[in-house]
Amino acid sequence: MSDKLDMMFKLQEGFMRSLVDNKKDDLPASWPIDMEKKVSQKLCRDIILRAVEEAFEALRPLKNWKPHRATDVPDFDREEVLEELVDTLKYLFEFCILLGFTQQELYDAFVKKDEVLHERLRNGY
């Protein structure tokens, strides 16, 4: 599975390089970026907000969440949700790449957090 995460990072980095080469974005020419600079922090904030927007777009197909709704809407576009989740991940991977996080660091942090959450459940957190 880690090879798939590695490939996802490489695909995103390739896309980012294409954006830079074609001047289609305000991405810097190299990374990791210096997070002590205001322009870098602004860029990262914008990228995370784009990821949040995409995550919110994944909610669009959810029609039956309203407690006051008396009828069910049977339509659910699973593919739309998946597409928006992929868009979300692409922005999150871009953020990781710009900050210089590796696939291994992301994986290790994910596993560590998973352990913490399970420990919290065991201890009645």
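The values are calculated or read from the model by the stated rules, or taken from the named source; none is laboratory data. For clarity, every value in this text was computed on a predicted model and none was experimentally measured. Neighbour counts are summed over all protein chains in view; Cβ atoms, including those assigned to glycine, are modelled from backbone coordinates with ideal geometry. Keep in mind that these areas ignore ligands, DNA and RNA; they rest on the heavy atoms of the full protein, side chains included. Shrake-Rupley method; radii C 1.70, N 1.55, O 1.52, S 1.80 Å.
A dipole drawn for the chain from +1 and -1 charges on Cβ atoms has a positive end, and of Val52, Tyr125, Leu98 the residue lying farthest that way is Tyr125.
Sorted into 5 angstrom bins from 0, the C-alpha pair distances of segment 49-125 split as 3, 14, 13, 13, 15, 16, 15, 8, 3, 1 percent.
Show me the trypsin sites (Lys or Arg not before Pro) within segment 65-125 that DSSP assigns to loop and that have at most 13 other Cβ atoms within 10 Å of their Cβ.
Working: sites: Arg69, Arg78, Lys90, Lys112, Lys113, Arg120, Arg122; in loops: Arg69.
Here the trypsin sites (Lys or Arg not before Pro) that fit, given the DSSP loop and packing criteria, are Arg69.
On a C-alpha basis, how far is the centre of segment 65-115 from the centre of segment 1-46 in Å? Whole number, if you could? So the separation of the two Cα centres works out to 18 Å.
Using only C-alpha positions, report the orientation-averaged shadow area of the convex hull of segment 1-116, nm², one decimal. Walk me through the intermediate numbers first.
Details: hull surface 40.9 nm².
Computing the convex hull of the Cα atoms and averaging its projections yields 10.2 nm².
Evaluate the charge dipole of the chain about its Cα centre and quote only its size in Debye, nearest 20, assuming +1 on the Cβ of each Lys and Arg and -1 on the Cβ of each Asp and Glu.
Details: 20 positive and 26 negative charges, 82 e Å.
Roughly 400 debye, rounded to the nearest 20.
Accessible surface of Lys24, taken over heavy atoms with a 1.4 Å probe and every protein chain present, rounds to 150 Å². Legend: residues Thr88, Thr71, Thr102, sorted from most to least accessible area (1.4 Å probe; ligands, DNA and RNA excluded), read Thr71, Thr102, Thr88.
Computed from the C-beta positions of Gln41 and Thr71 and an R0 of 30 Å, the FRET efficiency is 0.05 to the nearest 0.05. Take the solvent-accessible surface of the protein heavy atoms, probe 1.4 Å, and return the percent of it on segment 1-61 that carbon and sulfur atoms account for. Carbon-and-sulfur percentage of accessible area, whole number: 56.
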